[in-house]
Amino acid sequence: MYVRDAKNRDEAWLLEHIEAMDLDETAFRSRDYVIAVDEESNTRAGFGRIRLHKIGDGGETGAESGTELCELTSIGVLDGWEGQGVGAHVIERLVDGADTEGFDRVYSLSSAHEYLAQFGFEAVPESELPRTLAERLEAKREQLDPDAVPMVIDPDDFVMPERLRERFKAAAEADADSEPEETAEDFGIDPEEATYKYDTGS
């Protein structure tokens, strides 16, 4: 199992699953996403996005005008892959990417605040949100996630719980072992009687 950047060919797949999961597809760009993939079967197991917000001139709180903010959003895990660390590793990849781009804060506006807290995300008072994100929070509560809570993390403070890392590894191993070995019985051979010698007809 690994997490990679989304490619153009993933666009239709992403839009299908974002819609099916009722996730946020505002200002959709496939290049903003990463996708968790099982390397044995090439099955896509989950995805997520970092969305950049330009800060308008004046009236902002918590950030300088003319800069950008980044928001972790649209995290989805497909049926059958839940509880295997897929979402955790998608989040890790996105936070690492934000760090590489020079962001010292990654925001999230989500009702999954308890889940995010285990990685080091902390609640942010709404009064301290930059205006851009305060407006985004209001819209998200109205349209998608009524219980959304603002959270933030410094990428340097991100922590991956060991249990989730182990689950992610185990998911890959389990998938690699999911194809059972073919046995003699699969070919209609009785192993009690077969000699496994070839009959050459001589």
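Observations on the model:
- Considering segment 151-186, the residues that are in contact with a strand residue (DSSP E or B) (Cβ under 8 Å, 6 or more places away or on another chain) and more than 16 Å from Leu94 (Cβ to Cβ) include one that is modelled with the highest pLDDT, namely Ala171.
- Matching residues in segment 85-123 - criterion: being under 20 Å from Arg167 (Cα atoms) and β-branched (Val, Ile, Thr): Val86, Val90, Ile91, Val95
- Residue list for segment 33-44, restricted to those being in a loop (DSSP other than H, G, I, E, B) and either among the small types (Gly, Ala, Ser) or surrounded by 15 or more Cβ atoms within 10 Å (Cβ to Cβ) (or both): Glu40, Ser41
- Leu94 vs. criteria among the aliphatic types (A, V, I, L, M), over 21 Å from Ile55 (Cβ atoms), surrounded by 15 or more Cβ atoms within 10 Å (Cβ to Cβ) and in contact with a strand residue (DSSP E or B) (Cβ under 6 Å, 6 or more places away or on another chain): no
- Within segment 17-32, if we keep just the residues that are in contact with a strand residue (DSSP E or B) (Cβ under 8 Å, 6 or more places away or on another chain) and not in a loop (DSSP other than H, G, I, E, B), the residue that is surrounded by the fewest Cβ atoms within 10 Å (Cβ to Cβ) turns out to be Arg31.
- The set of residues from segment 18-58 being in contact (Cβ under 8 Å) with a residue 24 or more places away in the chain, farther than 22 Å from Arg136 by Cβ and not hydroxyl-bearing (Ser, Thr, Tyr) comprises Ile35, Ala36, Val37, Asp38, Glu39, Glu40, Arg44, Ala45, Gly46.
The values are calculated or read from the model by the stated rules, or taken from the named source; none is laboratory data. Note that the structure is predicted; figures quoted are calculated from it, not measured. Cβ sites come from the backbone with ideal geometry, for glycine too, and all protein chains shown count toward neighbours.
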